[in-house]
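The values are calculated or read from the model by the stated rules, or taken from the named source; none is laboratory data. No experiment lies behind these values; they were computed from the predicted model shown. Neighbour counts are summed over all protein chains in view; Cβ atoms, including those assigned to glycine, are modelled from backbone coordinates with ideal geometry. Surface accessibility is based on the protein's heavy atoms, side chains included, excluding ligands, DNA and RNA. Shrake-Rupley method; radii C 1.70, N 1.55, O 1.52, S 1.80 Å.
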Amino acid sequence: MLYSSAADWRAAPRKSVLVYGMSGLGKTHMSNLLRASGSWFHYSIDYRIGTRYMGEYIADNAKAEAMKVPFLRDLLMSDSIYIGSNITFENLSPVATYLGKPGDPEKGGLPMAEYSRRQDQFRKAEIAALHDTARFSRRAEALYGYPNFICDTGGSICEWVDPADENDPLLRELSAHCLMIWIRGDDAHTAELIRRFDRAPKPMAYQPAFLAAVWQEYLSENKCSEGDVDPDDFIRFTYARALAHRQPRYEAMARWGVTVTADQVAGLKTPQDFDDLIAGCL
């Protein structure tokens with residue numbers, strides 16, 4: 001690991017960490033807390049995906065919808081209006097909206113072929129954004145003078161790596177530049193995440209083999225065809241399975257760094273609290 005002991009961590013003139021885990025367990029809380037201190041650069045993988053690697057896809061999709069409206073089409077064709085996404089750290093909705101949900105087009109669903117294509121675009125974008133971590137770590141210090149760096153990853157990082165492989169290229173690269181921190185939730189947190197998702201289901205990124213299997217399972221259980229699938233019902237059906245699928249992958253990744261609990265993260269009030277928490281883990 002990047003820091004060999006608590007003393008090594010506390011004495012480090014420059015701290016660099018990467019935080020991962022399921023969305024909703026505290027990654028953003030931790031990142032915002034450190035960023036607000038003024039001495040930590042916050043590198044958001046989802047923000048990087050939306051602005052650098054999928055920004056054009058997102059804007060073109062919005063333009064395609066606008067072109068269906070004669071009034072907007074005329075304005076676009078004459079360069080009289082501009083359409084783009086307004087992505088921020090707090091609002092990543094354009095990425096989720098672009099990913100969409102598969103199923104009945106009358107309910108806002110996408111054909112599975114198109115949904116899978118967008119999933120693959122996201123996979124490539126997330127891997128590329130993760131590979132940018134080391135460059136942004138150097139850039140944060142060289143350009144802006146930040147002494148410390150936190151990489152705030154998406155929940156799907158575990159889908160694109162093989163944590164059991166000691167030579168996994170992405171994990172080797174990330175762990176060489178950052179202390180990897182897993183935020184672990186318990187059964188109560190998982191139940192709350194499922195309840196929260198059930199109230200407001202959101203698009204997610206899935207490992208291709210997992211998505212293909214759960215899609216066939218849904219069609220078989222519900223005895224329906226692709227065009228009959230209720231998009232929200234499908235992703236609700238998929239979400240709990242995705243949590244169960246990801247948990248052992250996160251656990252396997254934990255050996256590449258340290259583990260904290262969601263309750264510990266929720267209790268963080270100051271950057272010093274964070275320093276003490278990580279020192280205790282080391």
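Taking GluC sites (Glu not before Pro) across segment 124-211, the ones in a DSSP loop with at most 15 further Cβ atoms lying within 10 angstrom of their Cβ are Glu166. Among residues other than Leu34 with Cβ under 13 Å from its Cβ, the summed charge is +1 (Lys and Arg +1, Asp and Glu -1).
Highest average first, the peptides 204-212, 71-79 ordered by how many other beta carbon atoms sit within 10 Å of their residues are 204-212, 71-79. Using the Cβ of Arg172 as centre and a radius below 15 Å, the other residues enclosed give a net charge of -4, where K and R count +1 and D and E count -1. In plain terms, the chain from Leu72 to Asp198 could stretch by 41.9 nm, reckoned as 0.36 nm per residue minus the Cα-Cα distance.
Express the accessible area of the chain per residue in Å², computed with a 1.4 Å probe while the remaining protein chains stay in the model.
Computed with neighbouring chains in place, this is 48 Å² per residue.
Within the accessible surface of segment 68-152, defined with a 1.4 Å probe on protein heavy atoms only, the carbon and sulfur portion equals 55 percent. Return the whole-Å distance between the Cα centroid of segment 25-95 and the Cα centroid of segment 1-23. Result: 30 Å between the Cα centres. Divide the volume of the convex hull around the Cα atoms of segment 154-282 by the residue count and you get 128 Å³ per residue. The protection proxy used here, the mean number of other Cβ atoms lying within 10 Å of each residue, ranks peptides 42-53, 86-97, 255-266 as follows, highest first: 42-53, 255-266, 86-97. The helix-only estimate of mean residue ellipticity at 222 nm for the chain, built from DSSP H runs of length n ≥ 4 each weighted as -39500 (n - 2.57), is -16500 deg cm²/dmol after division by the residue total.
Just the number, please: Stokes-Einstein D of segment 218-282 in µm²/s, Kirkwood Rh from C-alpha pairs, 10 °C, 1.306 mPa s. Rounded, D is 104 µm²/s.
For the listed residue pairs Lys27/Lys202; Lys15/Lys269; Lys101/Lys223; Lys107/Lys223; Lys27/Lys101; Lys107/Lys202, the alpha carbons are over 21 angstrom apart in Lys27/Lys101. Remark: spin-label model distance Glu56-Glu141 equals 3.3 nm, labels positioned 7 Å along the Cα→Cβ axis. Between Arg241 and Ala209, the simple label model (points 7 Å from Cα in the Cβ direction) yields a spacing of 1.5 nm.
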